[in-house]
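A short worksheet on the structure shown next.
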Amino acid sequence: MTAIPGPPTRLSVADLRGSAARRRRETAVRLAFMAAASLSIVISLLIILSLVGEAWNFVSSVDLALLVERGWFPRRDLFGIPTIVSGTLLVAGIGMLVATPLGLGAAIYLSEYASPRARRTIKPVLEVLAGIPSVVLGYFALQVISPTVVDPICPGATEQFNMAAAGIGVGILITPLVASVAEDAMYAVPRSLREASYGLGARKRTTSLRVVFPAAISGIVAALILGLSRGIGETMVVSIAAGATGGSLFSVNPCAPGQTMTAAMTALATGSDQVRGASLAFPSLFFVGLLLFAFTLTLNLIADRFVRRFRVRY
Amino acid sequence: MAATPRSQAVTAAEAVRRSLEGAGRTDWRSVAFQAVLVLLLVLTLGILAWLLAVVFVNGTPVLLERGTEFLTSPLASQPDRAGVGQAIQGSLMLMAFVALLSFPLGIGAAVYLEEYAADTAFTRFVNTVVRNLAGVPSIVYGLLGLAVFVVALGDVVGPGPASGRSLLAGGLTMAILVLPIVIITSGEALRAVPGSIREAAFGVGATRWEVVRSHVLPYAAPGIFTGTILSMARAFGETAPLILVGAVIGGFNVRYDSVLEQLQGRYTALPTTVYDWARKPASFEGNVYAAIVVLIAVLLVVNALAIYLRNRFERRW
């Protein structure tokens with residue numbers, strides 16, 4: 001009779017842990033990755049600190065009455081914040097007027113009507129449009145949109161530089177973003193909802209507009225808010241096509257040149273070779289930047305809320 | 001009496017069929033709705049076609065006429081002598097910064113967030129921060145670069161004539177700008193790798209790093225690659241932050257003796273050159289379009305490469 005083998009050698013926790021060198025390497029790798037992830041917090045802090053620091057310099061040394069002056073001429077120490085804020089909202093608003101129908105139309109078509117084959121071809125083309133640099137769209141807005149689209153609409157002789165052309169350019173730029181976020185939201189609506197609607201005898205149009213669209217509404221709202229946020233932060237289209245590089249009087253006429261927050265910043269950075277030297281011009285750059293940052297951050301946070309809501313639902 | 005009269009059954013079926021078909025009438029409102037949708041889509045794609053047509057019709061003659069001389073000439077004040085040589089060189093070097101800094105840091109951060117971190121308040125906070133950083137307008141990154149690299153660290157990144165506005169400052173700003181995009185796209189690629197792959201590797205005794213290195217990263221590589229290529233394209237076309245951190249507008253003529261000198265020296269980039277020429281008199285119009293053709297050609301090739309890679313390696317689990 002062979003002996004029954006005894007109990008196996010007992011494994012201790014130390015045996016399962018592996019060698020010390022292996023554990024040390026694990027810890028080192030983990031810490032390196034963690035450092036990389038924490039870098040994004042450092043960057044955010046740097047952004048906030050650099051914006052707030054210089055903006056504070058500006059606010060504490062400027063005569064606050066100058067901030068509500070009806071004109072933006074930083075080199076003459078006139079910092080009419082309402083001028084550039086209204087310009088920004090006007091341009092972004094025109095952009096939304098263009099991007100909302102185009103983007104939502106494309107989204108509904110791609111999500112509800114297009115064959116899988118058409119989807120596969122059209123989506124990459126929209127991505128190409130999304131990849132066109134904003135300088136290029138700015139020049140297109142100035143050279144093509146302004147004379148062929150804006151000029152016939154605006155009464156009288158229109159300047160080539162105007163806020164309407166810039167707004168349309170911004171709208172073209174944000175259309176792919178609106179389309180893609182809204183399409184994602186509608187595509188994520190479960191099939192069963194569509195089938196229930198068809199089962200009740202609804203048409204495709206009714207199903208798209210009365211079932212899918214409302215079910216995806218929070219994602220669609222998020223798409224529009226993100227588009228608006230992008231439009232407010234868009235710089236190059238406005239810098240090139242809206243004119244008014246030196247400064248601007250308060251104006252909400254889309255057919256006239258105007259200034260936005262972003263364009264005011266590039267104008268300050270390129271207007272003279274030494275932004276650093278000019279008295280309050282340099283800190284004013286950061287004050288406008290802080291304002292812009294606050295605007296877009298608020299909009300992005302609201303959009304995030306909406307997106308999360310529609311994700312939870314299904 | 002058991003069977004229904006045949007003639008009656010036919011009329012009932014007919015009635016149902018008719019009512020489902022809308023009694024043979026076309027629903028014009030549905031047709032109109034679909035027509036509007038198609039029209040909007042065609043309009044969007046038409047604008048893209050229009051833009052590309054305008055650019056290529058105006059740009060290619062200049063490119064054909066001047067040939068490689070346009071691609072190698074430096075910036076100049078006369079349109080027939082100005083070229084994009086320095087701009088292309090500067091843009092390529094900015095890309096190198098993005099590739100060397102943002103890719104390892106961004107992919108590392110994504111690996112930490114997706115593979116290592118537990119669902120703690122800290123992780124959720126970092127995720128929120130990354131998402132919000134991706135939504136910050138690019139010009140604000142320019143302000144960050146201006147305050148931190150050009151002004152605060154100016155003597156380090158660009159001593160001498162560049163007064164802080166050096167290639168190093170521009171490259172670091174660009175790297176920070178695309179970092180959140182790299183983190184987000186890499187994170188999506190990592191999340192698409194199914195858990196069973198990880199569990200199989202853990203099951204045979206691999207450590208977490210071994211799991212990530214030998215299993216998760218290879219499977220996620222095509223997705224990560226696509227995302228990083230697209231973020232590169234984004235950086236290639238980005239203008240606003242470079243204007244703030246002082247890419248040269250106008251012209252400069254320096255010969256650099258060493259790499260360090262070039263890093264600390266002045267530079268320009270393709271999109272900032274387009275912006276500069278766009279503000280010049282109409283005689284520069286041909287140059288602007290030619291430079292845009294070069295810019296768009298590079299971006300189209302890069303985008304096509306990314307889309308090809310995605311379709312080639314796309315995998316459904």
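Ordered by the count of other Cβ atoms within 10 Å of each Cβ, fewest first, B:THR207, A:THR88, B:THR228 give B:THR207, B:THR228, A:THR88.
Database remark: amide H of A:LEU78 closer than 5 angstrom to the amide H of A:PHE73 (H placed geometrically; neighbours at sequence offset of 5 or more, or on other chains; Pro and chain starts carry no H).
Relative to the longest principal axis of the Cα atoms of chain B, the long axis of helix B:121-135 makes an angle of roughly 80 degrees. Per residue of peptide B:235-247, the mean number of Cβ atoms on other chains within 10 Å of the residue Cβ is 5.
Here r is the Cβ-Cβ distance between B:GLU261 and B:VAL16 and R0 is 60 Å; the resulting FRET efficiency, rounded to 0.05, is 0.10.
Full extension of the chain segment joining A:ALA32 with A:ARG117 gains 26.2 nm, where the gain is 0.36 nm per residue of separation less the Cα-Cα distance. List residues of segment A:209-246, by number, whose backbone nitrogen lies under 20 Å from a label position 7 Å along Cα→C-beta of A:TYR187. Inside the label zone: A:209, A:211-227. Which shape class, rounded, prolate or oblate, goes with segment A:111-209 when its Cα gyration tensor gives a ≥ b ≥ c as root eigenvalues, a/c under 1.5 marks rounded, and past that a/b bigger than b/c marks prolate? The shape class here is prolate.
Looking at B:VAL288, B:VAL182, A:LEU193, which one has the Cα that reaches farthest to the positive end of the dipole of the protein assembly as shown (charges on Cβ: Lys, Arg +1; Asp, Glu -1)? Of the listed residues, the answer is A:LEU193.
Counting only alpha carbon atoms, the long axis of helix A:116-131 and the longest principal axis of chain A meet at about 50°. Over the residues of chain A, the helix contribution to mean residue ellipticity at 222 nm works out to -21500 deg cm²/dmol, using -39500 (n - 2.57) for each DSSP H run of at least 4. Can you give me the Cα centroid spacing of segment A:61-93 and segment B:270-300 in angstrom? Rounded to whole Å, the Cα centres lie 31 Å apart.
For segment B:287-301, the residues whose backbone nitrogen is under 16 Å from a point 7 Å from the Cα of B:ALA99, taken along Cα to Cβ, are B:298-299, B:301. First check a/c for chain A, with a ≥ b ≥ c the square roots of the eigenvalues of its C-alpha gyration tensor; if it is under 1.5, answer rounded, and if not, answer prolate when a/b is larger than b/c or oblate otherwise. It comes out oblate by the Cα gyration axes. Subtracting the Cα-Cα distance of B:LEU43 and B:THR26 from their residue separation scaled by 0.36 nm leaves 3.5 nm. Can you bin chain B into rounded, prolate or oblate? Criterion: square roots of the alpha carbon gyration tensor eigenvalues sorted a ≥ b ≥ c, rounded for a/c under 1.5, prolate for a/b above b/c, oblate for the rest. Verdict is oblate for chain B.
Tell me, what is the FRET efficiency for B:ALA206 and B:SER73 to the nearest 0.05, using R0 = 41 angstrom and their Cβ-Cβ distance as r?
After rounding, the FRET efficiency stands at 0.15.
Here is the list for segment A:1-101: trypsin sites (Lys or Arg not before Pro) lying in DSSP coil, each with at most 16 other C-beta atoms within 10 angstrom of its C-beta, are A:ARG10, A:ARG70. Between the C-alpha center of segment B:20-95 and that of segment B:124-171 there is a gap of 31 Å.
Computed from Cα positions, the angle between helix A:163-187 and the longest principal axis of chain A comes to roughly 20 degrees.
Every number here is computed from the coordinates shown, using simple stated rules; none is lab data. Keep in mind that this is a model prediction, so the values were computed, not measured. Every residue, glycine among them, receives a Cβ derived from its backbone with ideal geometry; neighbour counts consider all protein chains shown.
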